[in-house]
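Scroll down for the structure; my scribbles are underneath it.
The values are calculated or read from the model by the stated rules, or taken from the named source; none is laboratory data. Just so it is clear, the model here is predicted, and its values are computed rather than measured. Positions of Cβ are generated from backbone atoms using ideal geometry, with glycine treated the same way; all protein chains shown enter the neighbour counts.
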Amino acid sequence: MGIKRTLLFLFFICGVIEARPISYSGGSTVMSNTDNMRDTLYYHYSPTYKYSLGLEAIKDSYFNTDYSYFRLTYLLNRKNTRFSQRNLYFQSGVSSKGLNNNFIGVHGDWETRRWFVGFGYKKVSNDIIEYDDKFLQLGVAPYLGEYGDFHTWIMVKSKKNDLLESWSTLPVLKFFKGNFLIEFGYNNKTEWDSHMMYRF
């Protein structure tokens with residue numbers, strides 16, 4: 001399936017998807033991600049709720065190099081209902097190593113107070129190779145907290161980077177309260193997969 005068909009397919013099936021890579025208008029977010037391929041630290045500012053601009057510093061273990069991305073995330077679709085919420089986002093980045101080093105993609109999630117479904121897809125290009133990076137994530141909340149409570153999700157995440165050829169599936173725990181979120185999982189194949197986020 002080509003990239004155009006893949007993107008159209010994701011837009012179609014994920015019209016009910018939500019994520020929060022954009023803060024409230026005038027808000028900022030700091031995020032860090034770690035897995036078996038890279039460590040990242042990402043800051044973005046949201047001039048409006050529709051888009052964010054940011055800078056991501058990357059220590060790439062696979063290619064044994066360091067670089068940064070100037071990133072744009074744009075809200076393509078949002079819908080909140082009485083029982084659920086969804087968003088769909090376009091994401092892109094241009095590397096400090098030059099315009100030929102970039103990525104584009106989509107990501108989002110859909111959730112109720114009990115259930116969560118998320119996905120991400122990126123087409124990455126650099127001076128050496130082009131590859132796809134994607135994941136699917138399913139979760140359930142073992143208890144229903146109120147606004148401002150400490151929240152817990154039990155999840156399963158499956159991800160595939162074309163550089164590693166096969167899918168890897170791992171259990172994930174996600175906790176958040178107020179403006180702070182932490183998420184981590186582990187398996188023998190991909191080792192630790194973690195994400196932390198703070199909004200201000």
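Data table
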quantity: Residue identified as closer than 20 Å to M197 by Cα, at pLDDT 95 or above, in contact with a helix residue (DSSP H, G or I) (Cβ under 8 Å, 6 or more places away or on another chain) and β-branched (V, I, T) among V30, V106; calculated: V106
quantity: Considering residues of region 113-159 that are outside any strand (DSSP E or B) and among the hydrophobic types (A, V, I, L, M, F, W, C) only, the residue surrounded by the fewest Cβ atoms within 10 Å (Cβ to Cβ); calculated: I128
quantity: Positions within region 170-200 being of a type in the set (S, T, N, Q) and either closer than 21 Å to S46 by Cβ or within 16 Å of the chain's Cα centre (by Cα) (or both), in sequence order; calculated: N179, S194
quantity: Some residue of region 66-85 being under 30 Å from N188 (Cα atoms) and either free of Cβ contacts under 8 Å to residues at least 24 places away in the same chain or not in a strand (DSSP E or B) (or both); calculated: yes
quantity: Cβ pairs under 6 Å, 6+ apart, first in region 101-120 and within 24 Å of D132 (Cα to Cα), second of a type in the set (D, E, K, R); calculated: F103/K122; I104/K123; G105/K122; G108/E18; D109/E18; W110/E18; W110/R86; G118/D109
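Residue-by-condition table, conditions (1) in a loop (DSSP other than H, G, I, E, B); (2) more than 26 Å from I182 (Cβ to Cβ); (3) modelled with pLDDT of 95 or more; (4) not polar (S, T, N, Q):
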| residue | (1), (2), (3), (4) |
| --- | --- |
| F12 | no, yes, no, yes |
| A19 | yes, no, no, yes |
| Y45 | no, no, yes, yes |
| L88 | no, no, yes, yes |
